[in-house]
Amino acid sequence: MERRRRVLVVGSGGREHAIALRLLESESVGEVLVAPGNAGTATDAPGLPTGKLLRSVAGGTLEIAQREMVDLVVVGPEAPLVGGVVDELEAAGIPAFGPSRAAARLEGSKAFMKAFAARHGLPTARHRVVTDPGAVDAAVRAFAEPPVVKADGLCAGKGVVVAGTHEEAIVVATAMLTGEAFGAAGERVILEERLVGQEASVHVITDGERFVVLPPAQDHKRVGEGDQGPNTGGMGAYAPAPLVTEAIAARIERSIVVPTLEGMREEGTPFRGVLYAGLMITESGAPLLLEYNVRFGDPETQVLMSTIDGDLGEALAGAAQRSLSPDAIRPASKHALVVVLAASGYPGSPRTGDEIHGLEVAAALPDVQVFHAGTRRVEGRVLTAGGRILGVTASGATLRAARDAAYRGVGAIQFAGAHHRRDIGRRALEK
Ligand code: AMP
Ligand code: GLY
């Protein structure tokens, strides 16, 4: 390539900060713009390779892409993908990493995803779709055990309730269908059989045909230690997850990844971008599909970016331009772990405006990287500005080394009201 790429990353979370820094490590990338970004992408990051540039920019995606003449757009969050931003960019001749609006329905509509899974024989929970509040009672009672209740549309990770009783499932499903809970996203409700096992996330980068599977990761969704308390966007993650053995990984590829990519091609809506399969691994080692996301996970990305080798810029541009080289990136022989520091009040209403101390001390620790999420820079100070504030991430030769280094990083950072889980990775380390 004659010239190093200029890449626009869309989003403002820890995921986007991690993607931006990993892109800058790529030989093929010279500059990364992040829109709207956060305090971590606002200035040159410490330790940025020489000759590389990073900055936050404001404005609409297409407008920035055209004004800045970027070579590639990488879309972080699901909402713009489901809204069709990739179709819009491609129509303007700008290569974009992410699925079309039609392919993004795998995340945008759980009813679409379940029907697709049935059409293509993907292993997943038995389900029913309900649209009439009058039909909820009978539909819920048709399940022997209380079913999981899911709003059809995007609900920022809050549209799923694992009900403890049939009565609770009825109350929740009714609130969704009457529009009380999630507005239009709850016009259709999916009831599904509750699956039992351990969860894992598998990310696949694909150009619609060829694909690369990233190391399996494990998220920690509940706010409290021991998986207690309400769900969050994710309080920590690690990769690779030893739960997914080579045999299970092969099974995931064969029974879920390949038929999904084939099915999407057959239906005339090939999936390009990153497909994130949320999986339940049963006691017998069978992978079952819980959900699809059509973007990188957050905080999974923070660990995936340091457990792959190769040129990420080449891989994402290849996926966007239907010419992915399956060996552009490969698993690194490394482990990584991220601990999320959240603001007081999260996952409810977080308090904002608290000053963050110790960022430089943490970043100077060996093997530690601090990714910003809800932060903003005001007159040289970094303030909290969201729910999840920082992802303190470390890599190491073993999961234990990565975990210990990440928690040393956590110990170096302070802000009023900060909370985090102390048990990230514990389950894998106890094995
Ligand atoms: P989702 O947004 O679909 O990932 O669901 C959020 C969380 O709800 C998942 O990570 C699981 O912990 C749980 N969940 C979703 N579907 C099921 C299911 N069928 N059985 C058990 N747990 C589920
Ligand atoms: N960490 C879960 C997600 O990104 O959906």
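Quick note: the coordinates plus some simple rules give every number you see, no bench work behind them. Here the structure is a predicted model, which means the values were calculated and not measured. A quick note on method: Cβ atoms are made from the backbone with ideal geometry, for glycine too, and the neighbour counts reach across all protein chains shown.
What length, rounded to one decimal in nm, is gained on full extension from Arg55 through to Glu283, with 0.36 nm per residue of separation minus their alpha-carbon distance? Kindly include the intermediate steps, with their values, before the conclusion.
Values: separation 228, 0.36 × 228 = 82.08 nm, distance 4.62 nm.
Length gained, Arg55 through Glu283: 77.5 nm.
Would you work out the relative contact order for the chain, in percent, from Cα pairs under 8 angstrom that are 6 or more residues apart? Could you put the intermediate results ahead of the total?
Values: 1055 pairs, mean separation 69.6, N = 431.
Relative contact order, the chain: 16 percent.
Among Tyr276, Leu337, Ala142, flag the residue with its Cα farthest along the positive direction of the charge dipole of the chain, charges on Cβ as +1 for Lys/Arg and -1 for Asp/Glu.
Leu337
Can you tell me which of Gly278, Gly208, Gly183 moves the most in a GNM of the chain? Springs connect C-alpha atoms under 10 Å apart.
Gly183
First select every other residue whose beta carbon is under 14 angstrom from the beta carbon of Ile248; then total the charges, Lys and Arg +1, Asp and Glu -1. Walk me through the numbers before you get to the answer.
Values: positive: Arg251, Arg254; negative: Glu199, Glu246, Glu253, Glu283.
Around Ile248, the surrounding residues sum to -2.
I want the local charge near Ala332. Using Cβ-Cβ distances under 14 Å, sum +1 for each Lys or Arg and -1 for each Asp or Glu among the other residues. Present the calculation step by step, with values, prior to reporting the outcome.
Details: positive: Arg22, Arg330, Lys334; negative: Glu25, Asp309, Asp311, Asp327, Asp367.
Once positives and negatives cancel, what remains is -2.
Contour minus end-to-end for Glu379 and Arg141, with contour as 0.36 nm per residue of separation and end-to-end as the Cα-Cα distance? Don't skip to the end; give the middle numbers.
On the way: separation 238, 0.36 × 238 = 85.68 nm, distance 5.82 nm.
Here the segment from Glu379 to Arg141 would lengthen by 79.9 nm.
Might you report the magnitude of the Cβ-based charge dipole of region 217-300 about its Cα centre, with Lys and Arg at +1 and Asp and Glu at -1, to the nearest 20 debye?
Values: 7 positive and 12 negative charges, 27 e Å.
That gives a dipole near 140 debye.
Among His420, His17, rank each residue by its count of other Cβ atoms within 10 Å, from fewest to most, as a rough exposure measure. Kindly include the intermediate steps, with their values, before the conclusion.
Numbers: His420 19, His17 32.
The most exposed by this proxy come first: His420, His17.
Using a 7 Å offset from the Cα along the Cα-to-Cβ direction at both Lys431 and Arg265, what is the distance between the two label points in nm, to one decimal?
3.2
How far apart, in nm, are two points set 7 Å out from the Cα along the Cα-to-Cβ line at Ala401 and at Ala92?
Going from the Ala401 label point to the Ala92 one covers 4.5 nm.
Which lysines, on any chain, are close to Lys110 with Cα under 20 Å apart, when same-chain ones fewer than 8 places away are left out?
Partners found: Lys150, Lys158, Lys221.
Tell me, what ³J(HN,Hα) does each residue in region 294-305 have, in order and in whole Hz, if you take phi through Karplus 6.51 cos²θ - 1.76 cosθ + 1.60 with θ = phi - 60° and put x for Gly and Pro?
With the stated coefficients, region 294-305 comes to 10, 7, 5, x, 10, x, 4, 4, 4, 8, 5, 5 Hz.
So for Lys114, Lys334, Lys150, fewest C-beta neighbours within 10 Å to most, what's the order?
Details: Lys114 23, Lys334 20, Lys150 28.
Going from sparsest to densest Cβ surroundings: Lys334, Lys114, Lys150.
Which value in nm describes the separation of the simple spin-label points at Glu355 and Ser323, placed 7 Å from the Cα toward the beta carbon?
It works out to 5.2 nm between the two label points.
Can you give the local net charge around Thr178? Use residues other than it whose beta-carbon is closer than 13 angstrom to its beta-carbon, Lys and Arg +1, Asp and Glu -1.
Numbers: positive: Arg188; negative: Asp132, Glu180, Glu187.
Residues near Thr178 contribute -2 overall.
At 0.36 nm per residue, and after removing the present C-alpha to C-alpha distance, how many nm does the segment from Thr165 to Gln414 gain when stretched out fully? Write down the numbers at each step before the final one.
Details: separation 249, 0.36 × 249 = 89.64 nm, distance 4.09 nm.
Result: 85.6 nm gained on full extension.
Could you pull out which residues in region 179-206 have an amide N less than 19 Å from a spot 7 Å beyond the Cα of Val258, following the Cα-Cβ vector?
Answer for region 179-206: 202-206.
Which ³J(HN,Hα) values in Hz, rounded to whole numbers, follow from the phi angles of region 176-187 under the Karplus curve 6.51 cos²θ - 1.76 cosθ + 1.60, where θ = phi - 60° and Gly and Pro get x?
5, 5, 7, x, 4, 7, 10, x, 5, 4, x, 5
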